[in-house]
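Below you'll find the structure, written out as structure tokens, and then a few comments.
The values are calculated or read from the model by the stated rules, or taken from the named source; none is laboratory data. What you are looking at is a predicted structure, and each value in this text was computed from that prediction instead of being measured. Ligands, DNA and RNA are excluded from the accessible area calculation, which covers all protein heavy atoms including side chains. Shrake-Rupley method; radii C 1.70, N 1.55, O 1.52, S 1.80 Å.
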Amino acid sequence: MVDVSVLLPVFNAGRTLAASLRSMARQSEPAWECVLVDDGSRDDSLEIAREHAARDPRIRVEALPHRGLVPALNAGIGLCRGSYIARMDADDIMHRHRLREQLDLMRSDAGLAAAGCHVR
């Protein structure tokens, strides 16, 4: 069962993507999937994504021709299987407890529509 889908659009993020994916793999919440949508990258982003997906089946890669951020996100939303969707950019590093804390918050108050966090 997947509690949260992390929607990760990627475009030419070869320098930062591996660190971003490593931070996701260290999450204290284990019931996640990553829907990584490569938006026609011309660098090694797709190769890095596929290498990580080969090691962690929770990472799913969808390669698309370059059309921009919004079409990539829209394509990715349709692939998400989690009860919740978390957004992440390819140059973000997730705090180890981000997903756990946000899931706990969302589950604690049915009136909440979204949860955010501080960025450093």
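Fully extending the segment from H66 to D92, taken as 0.36 nm per residue of separation minus the present Cα-Cα distance, adds 7.3 nm.
Derived from the Cα gyration tensor, the three semi-axes of the equivalent ellipsoid of the chain are 23, 15, 13 Å, largest first. Carbon and sulfur atoms: what percent of the 1.4 Å accessible area of the range 19-120 do they account for? The value for the range 19-120 is 52 percent carbon and sulfur by accessible area. Once the convex hull of all Cα atoms in the range 69-120 is built, its volume per residue stands at 108 Å³. Note on the chain: helix-only mean residue ellipticity at 222 nm, from DSSP H runs of 4+ residues weighted -39500 (n - 2.57) and normalised by residue number, equals -10000 deg cm²/dmol. Does the range 27-84 come out rounded, prolate or oblate, given a ≥ b ≥ c as the square roots of the eigenvalues of its C-alpha gyration tensor, rounded meaning a/c under 1.5 and, failing that, prolate meaning a/b above b/c? Oblate. With protein chains left intact and a 1.4 Å probe, residues in the chain average 58 Å² of accessible area per residue.
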